[in-house]
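Single-structure report; data block below.
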Amino acid sequence: MTAIFKSVMLAVTLAVAGVLTTQPARALVEIDVNKGVIEPLPIAITEFLSGDTLGKEISDIVAADLQRSGLFAPIDRGAFIEKISNPDAAPRFEDWKVINAQALVTGRVTQESDGRVRAEFRLWDTFAGQQLVGEQFFASKANTRRVAHIIADAIYERLTGEKGYFDTRIVFIDESGPKNQRKKRLAIMDQDGANARYLSDGRAIALTPRFSPNRQEITYMSYESGQPQVYLLQIETGQRELVGNFPGMTFAPRFSPDGQKVIMSLLRDDGNSNIYTLDLRSRTTTRLTDSSAIDTSPSYSPDGTQIVFTSDRGGRAQIYVMNADGSNQRRISFGDGSYSTPVWSPRGDLVAFTKQSGGEFQIGVMRTDGSGERILSSGFSQEGPTWAPNGRVIMFFRQPAGSAGPRLFSIDLTGRNEQPIASPNFASDPAWSPLLE
């Protein structure tokens, strides 16, 4: 991936009520996942100055990212009073207060002599009358969409105090063709649905891709030989490596936080489905559970010390947690219905899951001790939660009743901001990347 270079712009010193200040204001958006943000923050994002269409393209992507988060309400540019002609100078704050713009983004895009694009922006607190952040980025013209996502992340982080998630990608299964002859190809796209491309040709069914936590690499399952095979794929180079043949695989592998192991569930000759780890360097497997029940869908905690999984050892599928070596196995879910596909939050505080109850499929979260269960979305058929790297948004796939195939959706932890994610065809099994580098 082509590198994007960043530099921090010098803060503009402003005179506010007779006092010179360059100190940043507090975060303007307070996130409460139990209550949600009822009124998104009004923010004005001006069209970035440029000699072509790049300025508008970048500023439009920034506005779209922030709006989709549900935390911000970009103001229509037709309401702007001041026309920004010099983004380096302090704006007329009174003009922005009149239209209730609590934050203002200005910027410029220029072409460097070496062919690179320089995109710079400033974020202003209009009511405090001061600059909050100013940065500039250098990138190839092909990477201007990434630059826009990085700018949106910087704005999100400064106004909320939390990391953004816009400069990320989604790997998923693209589904096309008749339902009884569905072609399932490995695909990847930006988190907003742009730049979709295929990573496999569809000659063999690909399933359940999962991102490495520390590099642009995925693991996935394929049936090229008629049996489940696990592959590692380098996204940028296309280099693929066969990890092994696993004829008894009952749930596709996920990476350990250090990227050195994968964890999966396998059906062995004794007829039991148990959880195993595979060391990617030595190719040795280690059995973690030894149960006569079905133990499946394991996922590591972000610090690698614990594993969450599903087991029906209590009579129906419930969520369990154990130490990374398989010790101290204990049940944490006790609700009605059946639980599946638990995934530990990158923040370490929650576990997302799929729940089947009352004839519906639900996407929910609970604390890691099982308390505080909260359902975010319910539907006819939906499953497969995956976390944004900041642990504030979940993506999943849903197939509404009567529809021909599944689609991707995202929802934040308040459950109040569900968004469809565009894809070329039907889509399932999403996996969210870490922030790009």
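Taking other residues whose beta carbon is less than 14 angstrom from the beta carbon of LYS141, and scoring Lys, Arg as +1 and Asp, Glu as -1, yields 0. Taking the Cα centre of the chain as origin and assigning +1 to Lys and Arg Cβ atoms and -1 to Asp and Glu Cβ atoms, the resulting dipole is close to 640 debye. Taking only Cα atoms, what is the 0 to 90° angle, nearest 10, from helix 54-68's long axis to the longest principal axis of the chain? It is inclined by approximately 60 degrees.
By the beta-carbon count within 10 Å of each Cβ, the least crowded to most crowded order of VAL98, VAL133, VAL343, VAL393, fewest first, is VAL98, VAL133, VAL393, VAL343. In the chain, what percentage of the DSSP-assigned beta bridges are antiparallel, given to the nearest 5? Counting DSSP beta bridges with both partners in the chain, the antiparallel share is about 95 percent. Assign one of three labels to the range 371-437, namely rounded, prolate or oblate, based on the Cα gyration tensor with a ≥ b ≥ c the square roots of its eigenvalues; rounded applies when a/c is under 1.5, prolate when it is not and a/b is larger than b/c, and oblate otherwise. Taking the square roots of the gyration eigenvalues as a ≥ b ≥ c, the range 371-437 is oblate. The peptide list 48-55, 80-87, put in order of mean Cβ contacts within 10 Å with the highest first, becomes 48-55, 80-87. A dipole drawn for the chain from +1 and -1 charges on Cβ atoms has a positive end, and of ALA103, PHE48, SER69 the residue lying farthest that way is SER69.
When the charge dipole of the range 170-322 is built from unit charges on Cβ atoms (+1 for Lys and Arg, -1 for Asp and Glu) and taken about the Cα centre, the candidate among ILE205, GLY259, GLN239 whose Cα reaches farthest toward its positive end is ILE205.
The chymotrypsin sites (Phe, Trp or Tyr not before Pro) of the range 168-248 meeting both criteria, a DSSP state outside H, G, I, E and B (loop) and at most 16 other C-beta atoms within 10 angstrom of the site's C-beta, are TYR223. Classify the range 322-396 as rounded, prolate or oblate from the Cα gyration tensor: take a ≥ b ≥ c as the square roots of its eigenvalues, call it rounded if a/c is under 1.5, otherwise prolate when a/b beats b/c and oblate if not. Taking the square roots of the gyration eigenvalues as a ≥ b ≥ c, the range 322-396 is oblate. The Cα-based radius of gyration and maximum Cα-Cα distance (Dmax) for the chain are 23.6, 79 Å.
Distance cut-off 32 Å, Cα to Cα: go down the list LYS56/LYS184; LYS163/LYS261; LYS261/LYS355; LYS141/LYS163; LYS184/LYS355; LYS184/LYS261 and report the pairs above it. Check vs 32 Å cut-off fails for LYS56/LYS184.
Which ordering of ILE411, ILE170 is given by a fewest-first count of other beta-carbon atoms within 10 Å?
If I rank by nearby Cβ atoms, fewest first, I get ILE411, ILE170.
Separation of the range 121-147 and the range 168-209 by C-alpha centroid, Å? If you average the Cα positions of each part, the centres end up 33 Å apart. Between helix 144-160 and the chain there is an angle of about 80 degrees, using the helix long axis and the longest principal axis of the Cα atoms. Per-residue ellipticity at 222 nm, computed for the chain from helices alone with -39500 (n - 2.57) per DSSP H run of at least four residues, works out to -2500 deg cm²/dmol.
The ranking of VAL105, VAL171, VAL29 from fewest to most other beta carbons within 10 Å of each one's beta carbon is VAL29, VAL171, VAL105. Among the trypsin sites (Lys or Arg not before Pro) in the range 171-241, those placed in a DSSP loop whose Cβ has at most 12 other Cβ atoms within 10 Å are ARG203.
Every read-out reported here was derived from the displayed coordinates using simple, explicitly stated rules and does not represent laboratory data. Quick caveat: nothing in here was measured; it's all calculated off a predicted structure. Positions of Cβ are generated from backbone atoms using ideal geometry, with glycine treated the same way; all protein chains shown enter the neighbour counts.
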